[in-house]
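K.L.:
Please read through the structure below; I'll follow up with questions.
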Protein chains: 2
Amino acid sequence: MPNFAERMKAMEKSAGIIRNLFGAMNDPSLISFGGGAPAKEALPIDIVREISNDVMTVGKRGVEALQYGSVMGLPDLREVVVSELLAPKGIDAKAENILVTSGGLEGINLLCQLYIDPGDVILVESPTFVHCVEIFEMFQAKCISVVMDDNGMVTEDLEEKIRQYNPKIVYVIPTFHNPTGRTLSLERRKRIAELGSRYDVVILEDDPYRDIRYSGSELKPIKAFDKTGHTVLANSFSKIFSPGSRLGYVLASDEVSAKLFDAKTATNSHTSMLPQVICAEFFKRGYYPAHHKMICDLYRERRDTMIECIDRFFPEGTKRTFPDGGLFTWAELPGGLNTTDLLVEATSNPAVKVAFVAGEGFFIEGGGMGNNCMRISFGSVTPEKIRIGAEKLGRLIRSRLE
Amino acid sequence: MPNFAERMKAMEKSAGIIRNLFGAMNDPSLISFGGGAPAKEALPIDIVREISNDVMTVGKRGVEALQYGSVMGLPDLREVVVSELLAPKGIDAKAENILVTSGGLEGINLLCQLYIDPGDVILVESPTFVHCVEIFEMFQAKCISVVMDDNGMVTEDLEEKIRQYNPKIVYVIPTFHNPTGRTLSLERRKRIAELGSRYDVVILEDDPYRDIRYSGSELKPIKAFDKTGHTVLANSFSKIFSPGSRLGYVLASDEVSAKLFDAKTATNSHTSMLPQVICAEFFKRGYYPAHHKMICDLYRERRDTMIECIDRFFPEGTKRTFPDGGLFTWAELPGGLNTTDLLVEATSNPAVKVAFVAGEGFFIEGGGMGNNCMRISFGSVTPEKIRIGAEKLGRLIRSRLE
């Protein structure tokens, strides 16, 4: 066969990490704090059945749901994004500037289509979401990391790196960050929007967790502070509606939206219509507020249980974040423990059988960065199993320190 | 804002053609022979409602339909592809080698991700499907055209061009070709598979219309003659199930499938689950054979009406193809008429109000190639309206020759 394109070699490292990290996690005998999937109890199955049963007729939305649709997405879903998801966050947007994507990650892919030539620099948080690094590497971008602290990306380091590397894109997950659960402070949100404008850099704001907040107060998105169109907001319906539906959206300026139209056309023409119709009706029929309250209550209990169990069962010297929302906490273990080794034992030892994601895969720097860290997901595990799993995992960790 | 990537400039020409050709065709006062959409009567709306009403519960497939799924696609949909769509065509495939894509075009996009570096050559038919040219240009491929005749791509010219240009991919639409409606002969199918193997070139077989045949006898796909894995089959559920569902599939060798896994992950993680579950059930519950017969009967009548009307109302000297299936015929007008000019009058003159697609956009060669040609779609227009529209269009064309 002919040689594969250069981009396929460029992405081998992160693609391999993803296959290794996430591949073996579906063993049903495990308690898995690994994957980032929502709880199955948080999926609006009955509502979807009811809506689909009602609209799937020729006189209602049956034709629309199965026929070709428009590249930018279903008009009333784009209106829903504007009125239900953006206006309440202080973003004044027009539906024409919304592109409906096949999941949030596709928005990241399309922004790379628009901007990234091989060798272009993308600045990312350290650590960052490894799936997006895989996308960036497929586009043969050079990823450079920016320091984080408990308030998210450190803007002084960001400005220095912008000056030094002249990046095309700065990639930020501002709210309940994946993998750490941290949230970018208000001051830094303003500052990042300004830096994008001042240095002519695209700020790619990836904010899929922002709407599942269990404590603390709302912060406006970076996009709310953007005066020049340099910030592009990519978001997802995965955490508030359904991940399997693969629905997301991008909010961008007129100029960028016009190019997104071309890139989306040449990727897959448009996003699947049936999920778009059902999701639009889910919001328009007023199901969202009660569903949203239900899932936040569900996840809040799981987060609280997980934090309580880590504090109780993990060894002294463990550092962990307290996420005000989202699906993850991040733990840093004491005593030079290596979490990649630990994971092998945690998943294979019959007395443990607990999975998590080892930290080092989230650091593009390599060289052992994050090898005492772990991402711990609490979203898809019941409180009872969180207690059992965290106790077993804590016992294993403590035994390694003895 | 920062400069767009080189690929966005490379695709400007074909993206502009697509926006112009297809953009203004949705005026409901037109009779449109323009777009390539299936008939709304061919959409299985009631079946989809019934299936979704039955499976969308926690005990059945509700969780699966809304939760994250696997990158390669829903296992039973991949089994359906193998047993219902490939085995009957003489292709012996394994479900592991099927990737479910978000529509047929996404398969083309992913093959380009795998193989195309900027400047690589792709050989295409002359004329060819302009949407795919847009994809190829986004990947900064150099498209070179291969001569067609009534039996499809001329394999002598193909071999010569392979030797001359050393292409990575040969892109072929073998059955009821878009835009011409022509079908590649059996002899040439075998020959193209052989040429792929002999010259180490990927044969990208795009075959979305093959299952809607109204006359003539079945021909095996090129893939059925492939002994080395050089032929990759991309297909779509758009014409046999629903285009808005955006479901397609790619059949490739183990090596290529492994890379497709990576490219799909970094494009949009996986294809939307709800349409996959419903489509799998559509086949597994045995709805397909009767639905297939219904749509073939529907389209056969429309094709016969269109051919009859072209022969009756278009001027002497018009050449047209007789498609044994698919959605298009292709007409070549006499007397040096320019179809791009004609389209302006046909759509704006209140006495006509008929749309088609002007031919020249389908020729990558430019320089006026195909400017007396038109693609005429009959799929989404009722026989009554086909008669009215073809008569009006024929009258306009004849008036231009006087």
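K.L.:
What's the center-to-center distance, using Cα atoms, between segment B:1-70 and segment B:129-174 in Å?
P.N.:
Centre-to-centre distance over Cα atoms comes out at 26 Å.
K.L.:
Looking at segment A:148-263, what % of its DSSP beta bridges pair antiparallel, to the nearest 5?
P.N.:
For segment A:148-263, the DSSP antiparallel bridge percentage is about 45.
K.L.:
Would you mind calculating the gained length between B:Glu156 and B:Ser29 on full extension (0.36 nm times residue separation, minus the Cα-Cα distance), in nm to one decimal?
P.N.:
41.1 nm
K.L.:
Let me check I've understood the local charge: for B:Leu401, count other residues with C-beta under 13 angstrom from its C-beta, Lys and Arg +1, Asp and Glu -1. What total comes out?
P.N.:
Residues near B:Leu401 contribute +1 overall.
K.L.:
Then there's this: How much net charge surrounds A:Lys353 when only other residues with a Cβ under 12 Å from its Cβ are counted (Lys, Arg +1; Asp, Glu -1)?
P.N.:
0
K.L.:
Measuring from centroid to centroid over Cα atoms, what is the spacing of segment A:260-317 and segment A:321-346 in Å?
P.N.:
Between the Cα centres of segment A:260-317 and segment A:321-346 lies a distance of 23 Å.
K.L.:
Ok, one more. Once R0 is set to 45 Å, what does the formula 1/(1 + (r/R0)^6) return for the Cβ-Cβ distance between A:Tyr165 and A:Glu84, expressed as a FRET efficiency to the nearest 0.05?
P.N.:
In this case the efficiency is close to 0.75.
K.L.:
Give the relative contact order (percent, whole number) for chain A; include only Cα pairs under 8 Å separated by 6+ residues.
P.N.:
In percent, rounded to a whole number, it is 23.
K.L.:
Determine the shape class of segment B:120-231: with a ≥ b ≥ c the square roots of the Cα gyration tensor eigenvalues, call it rounded for a/c under 1.5, and otherwise prolate if a/b is greater than b/c, oblate otherwise.
P.N.:
Verdict is oblate for segment B:120-231.
K.L.:
A further question on this structure: Name the longest site-free stretch of chain A, where the excluded sites are trypsin sites (Lys or Arg not before Pro) in a DSSP loop with no more than 13 other beta-carbon atoms within 10 Å.
P.N.:
Counting only loop sites that pass the neighbour cut-off, the longest clear stretch is A:95-226.
K.L.:
Given a cut-off of under 8 Å on Cα pairs at least six residues apart, what relative contact order in percent is computed for segment B:45-284?
P.N.:
About 28 percent, as a whole number.
K.L.:
Also: Peptide A:66-73: average number of partner chain Cβ atoms within 10 Å per residue?
P.N.:
Mean partner-chain Cβ count within 10 Å for A:66-73: 6.
K.L.:
Quote the relative contact order of segment B:161-223 in percent (integer), defining contacts as alpha-carbon pairs under 8 Å separated by 6+ residues.
P.N.:
42
K.L.:
Taking the simple approach of a point 7 Å from Cα along Cα-to-Cβ for both B:Arg398 and A:Glu365, what is their distance in nm?
P.N.:
For the pair B:Arg398/A:Glu365, the computed spacing is 8.0 nm.
K.L.:
Between B:Arg198 and A:Glu12, take the C-beta separation as r, use R0 = 35 Å, and let me know the FRET efficiency to the nearest 0.05.
P.N.:
Result of the calculation: an efficiency of 0.75.
K.L.:
Go through A:Lys40/A:Lys385; B:Lys220/B:Lys293; B:Lys13/B:Lys264; A:Lys190/A:Lys319; B:Lys161/B:Lys239; A:Lys60/B:Lys239 and tell me which ones have a Cα-Cα distance over 25 Å in this structure.
P.N.:
In this structure, B:Lys13/B:Lys264; A:Lys190/A:Lys319; B:Lys161/B:Lys239 lie more than 25 Å apart at Cα.
K.L.:
If I model a spin label at A:Asp254 and B:Glu187 as a point 7 Å from the Cα along the Cα→Cβ vector, what separation in nanometres do I get?
P.N.:
5.8
K.L.:
Just A:Ser185, A:Ser257, A:Ser215 to compare: in a GNM of chain A, with alpha carbon springs under 10 Å, which one fluctuates most?
P.N.:
A:Ser215
K.L.:
Among residues other than A:Cys373 whose Cβ falls under 11 Å from its Cβ, what is the net charge (Lys/Arg +1, Asp/Glu -1)?
P.N.:
+1
K.L.:
Given springs between every Cα pair under 10 Å in a Gaussian network model of chain B, which of B:Gly336, B:Gly325, B:Gly379 has the largest fluctuation?
P.N.:
B:Gly336
K.L.:
Can you give the average number of partner chain beta-carbon atoms within 10 Å of each beta-carbon in peptide A:275-282, as a whole number?
P.N.:
Across A:275-282, the average partner-chain Cβ count within 10 Å equals 2.
K.L.:
Shifting gears a bit: In deg cm²/dmol, rounded to 500, what helix-only [θ] at 222 nm does chain A give when every DSSP H run of at least 4 residues adds -39500 (n - 2.57) and the total is split over its residues?
P.N.:
Only helices count here, giving -13000 deg cm²/dmol.
K.L.:
Out of B:Pro208, B:Pro315, B:Pro179, any idea which swings most in a Gaussian network model of chain B, alpha carbons joined below 10 Å?
P.N.:
Ranking B:Pro208, B:Pro315, B:Pro179 by mean-square fluctuation puts B:Pro315 first.
K.L.:
Looking at the protein assembly as shown, what % of its DSSP beta bridges pair antiparallel, to the nearest 5?
P.N.:
If I count the DSSP bridges inside the protein assembly as shown, around 50 percent turn out antiparallel.
K.L.:
Turning to a different aspect of this structure: Using 13 Å as the cut-off for backbone N distance, which residues of segment A:26-49 belong to the label zone defined by a point 7 Å from the Cα of A:Ala290 along Cα→Cβ?
P.N.:
A:46-48
K.L.:
Something else about it: Which of rounded, prolate or oblate describes segment B:45-284 when judged by the alpha-carbon gyration tensor and an a/c cut-off of 1.5?
P.N.:
It comes out prolate by the Cα gyration axes.
Each value in this text was obtained by applying a stated rule to the coordinates, not by laboratory testing. Because the structure is a prediction, the values reported are computed rather than measured. Glycine also receives a Cβ, built like all others from the backbone with ideal geometry; neighbour counts cover every protein chain displayed.
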